[in-house]
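The values are calculated or read from the model by the stated rules, or taken from the named source; none is laboratory data. Just so it is clear, the model here is predicted, and its values are computed rather than measured. With ideal geometry, Cβ positions are generated from the backbone for all residues, glycine too; neighbour counts draw on all protein chains shown.
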Amino acid sequence: MVGTVATEAAYTSGDHWVNAMVNKVAANREHFRSEVNSRVKGIRVLGSDSLYLAWIDCRDMQLPPAELENFLLTKARVWFDRGPKFGEEGHGFMRANLACPRETLDRAISQLASVLPRK
């Protein structure tokens, strides 16, 4: 019963909330892309139409998938989805979820920039 009421409320009164959330996540996507691409060497966030996911091109680091994941986890202390999980074309890529608070993104960006600074 509660689920039915909540669903009905979302469909009839949720426009404002949905629009605000879409705008916030879209702003996160652009912020992450811009900051990583200007501050971090060896990786590049690709532009996309995806709302809350970012593809990160890490091929310039020239690391096998397991080493790339280990580097990001142990050195930068960030966790992204491994690109190969999404098929052969994903080798050399990582995927980040951007549907989070801006502070979380800024922390990840700073941690990446601390181990891969653009000089």
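Numbers below:
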{"item": "Residue check, residue 36 modelled with pLDDT under 95 and β-branched (Val, Ile, Thr)", "result": "no"}
{"item": "Residue in the range 83-93 that is under 25 Å from residue 23 (Cβ atoms), crowded, with 16+ Cβ neighbours inside 10 Å and not polar (S, T, N, Q) present", "result": "no"}
{"item": "The range 40-58, residues that are surrounded by 15 or more Cβ atoms within 10 Å (Cβ to Cβ) and among the charged types (D, E, K, R)", "result": "44, 57"}
{"item": "Number of positions in the range 64-87 that are within 16 Å of residue 112 (Cα to Cα) and assigned to a loop (DSSP other than H, G, I, E, B)", "result": "4"}
{"item": "The one condition in (1) more than 17 Å from residue 79 (Cα to Cα); (2) under 13 Å from the mean Cα position of the chain (by Cα); (3) assigned to a helix (DSSP H, G or I) that residue 36 fails to fulfil", "result": "(1)"}
{"item": "Residue match in the range 41-59 (condition: closer than 18 Å to residue 95 by Cα and in a helix (DSSP H, G or I))", "result": "yes"}
